[in-house]
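Notes for the one structure printed next.
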Amino acid sequence: MNLEDNLDEEAIRDCIGELERNKEVSSSSMPKIELSPTKEDQLFNIELKQLAPHLKYVFLEDGKPVIISNKLCEEKEEKLIKVLPKNK
């Protein structure tokens with residue numbers, strides 16, 4: 001074993017020790033935060049369905065999902081996303 005291996009093992013032991021210490025923190029001691037849905041959440045409360053392998057979802061600037069081909073290059077995809085809202 002060389003020095004690098006010893007340092008790696010020591011780092012791993014430190015990491016495991018930190019994980020073990022954090023495991024002992026109970027969730028009851030953590031503050032509870034209530035989240036209420038935003039207007040956007042309520043407007044777009046939709047269920048995305050599984051698509052065929054050649055399709056994918058992209059989201060327009062207003063958050064609405066659109067289905068497009070996953071074979072488009074990044075440049076064409078960006079152009080399409082910009083053009084779609086203008087041509088509703």
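Below, the figures for the structure above:
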read-out	value
Distance in nm between pseudo-label sites at K56 and K76 (7 Å out along the Cβ direction from Cα)	1.4 nm
Hz values of 3J(HN,Hα) by residue in the stretch 63-77 - Karplus curve (6.51, -1.76, 1.60), Gly and Pro given as x	x, 6, x, 9, 9, 9, 6, 8, 8, 5, 6, 4, 4, 5, 4
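We did not get these values from a lab; they are worked out from the coordinates using the rules stated. These numbers were taken from a predicted model, which means no experiment stands behind them. Ideal geometry is used to build each Cβ from the backbone, glycine not excepted, and the neighbour counts take in all protein chains shown.
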